[in-house]
Amino acid sequence: MKKNNTENIKIFGFWIYLMSDCILFAALFISYFVLKNDTLNTSLDKEIFKIPFVFIETCCLLFSSLTYDIAILAIDRNNKTKVNFWLSITFLAGLSFICMEFYEFYHLIKKGYGPWYNAFFSGFFTLIGTHGIHVISGLIWIIIMMMHIMHSGLNYTNQIRLQCLSLFWHFLDIIWIIMFTVVYLLGIIP
């Protein structure tokens with residue numbers, strides 16, 4: 001019973017952390033909307049947003065959530081090899097997402113649309129970049145968890161950590177889906 005109570009406290013504490021992240025992203029979304037009105041013209045949005053590219057980026061992140069869920073299913077079978085295999089696939093899909101995001105940022109900056117260009121791009125880079133930093137943090141966490149699993153197996157502590165990582169990773173998916181819809185899809189509508 002004591003382990004279950006400790007587990008509940010840790011997971012509840014992690015939910016509190018996620019709620020603070022919700023507040024952070026809410027503030028960034030509000031700033032983005034306020035700064036979006038600073039664009040020079042509405043055709044600029046259609047010029048910069050490459051929806052097919054960002055859609056593939058989105059698929060990479062969503063696929064990483066699927067593979068993470070498969071890793072979680074392998075925990076029930078106490079198969080640390082399969083857990084680490086699916087965590088590595090999750091890592092690669094998440095890394096693909098980040099590489100595509102860096103590519104997008106690089107080309108925007110190369111075209112002269114860096115965060116200094118106007119308030120819209122400042123808000124855009126801050127919002128998308130903050131999410132990217134969170135994904136990078138999640139990727140680091142995945143690597144650390146894989147090392148813990150190799151060293152200690154699927155013990156109770158590692159299972160709690162994997163549950164918290166699951167909450168974090170799926171939270172990032174939800175935030176990205178909102179970003180993709182609001183920033184990219186609605187961003188091209190004049």
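Number of residues in region 51-79 that are more than 25 Å from Leu186 (Cβ to Cβ), of a type outside the set (A, V, I, L, M, F, W, C), modelled with pLDDT under 95 and in a helix (DSSP H, G or I) equals 1. Restricting attention to region 138-190, the residues being of a type in the set (Val, Ile, Thr) and either more than 21 Å from Leu62 (Cα to Cα) or in contact with a strand residue (DSSP E or B) (Cβ under 8 Å, 6 or more places away or on another chain) (or both) number 6. The conditions of being exposed (fewer than 15 other Cβ atoms within 10 Å of the Cβ) and either out of contact with any Gly (no Cβ under 9 Å at 6 or more places or on another chain) or not polar (S, T, N, Q) (or both) are met by Leu73. When residues in region 159-190 are screened for being under 16 Å from Ala26 (Cα atoms), of a type in the set (A, V, I, L, M, F, W, C) and surrounded by fewer than 16 Cβ atoms within 10 Å (Cβ to Cβ), 4 of them pass. Taking the options Lys3, Lys10, Lys82, Lys46, name whichever one is more than 20 Å from Val135 (Cα to Cα), at pLDDT 90 or above and part of a helix (DSSP H, G or I). Residue meeting the stated conditions: Lys82.
Would a scan of region 119-137 turn up a residue that is over 25 Å from Ala26 (Cβ atoms) and either surrounded by 14 or more Cβ atoms within 10 Å (Cβ to Cβ) or of a type outside the set (S, T, N, Q) (or both)? No, every residue in region 119-137 fails to be over 25 Å from Ala26 (Cβ atoms) and either surrounded by 14 or more Cβ atoms within 10 Å (Cβ to Cβ) or of a type outside the set (S, T, N, Q) (or both).
Residues in region 175-183 include none that are free of Cβ contacts under 8 Å to residues at least 40 places away in the same chain and hydrophobic (A, V, I, L, M, F, W, C).
Which count do you get for residues in region 85-117 that are surrounded by fewer than 16 Cβ atoms within 10 Å (Cβ to Cβ) and either more than 14 Å from Tyr68 (Cβ to Cβ) or under 13 Å from the mean Cα position of the chain (by Cα) (or both)? Matching residues across region 85-117 total 11.
Inside region 95-124, residues that are in contact (Cβ under 8 Å) with a residue 12 or more places away in the chain, of a type in the set (A, V, I, L, M, F, W, C) and farther than 28 Å from Trp141 by Cα make up a count of 4. Of all residues in region 134-190, those satisfying the criterion of being over 12 Å from Leu87 (Cβ atoms) and outside any helix (DSSP H, G or I) are Gly153, Asn155, Ile189, Pro190. Can we say Leu127 is more than 30 Å from Phe33 (Cβ to Cβ), part of a helix (DSSP H, G or I) and either without any contact (Cβ under 8 Å) to a residue 40 or more places away in the chain or of a type outside the set (Lys, Arg) (or both)? Answer is no for this residue.
The values are calculated or read from the model by the stated rules, or taken from the named source; none is laboratory data. Values in this document were obtained by computation on a predicted structure and should not be read as measured data. Cβ: placed from backbone, ideal geometry, glycine included. Neighbour counts: every protein chain shown.
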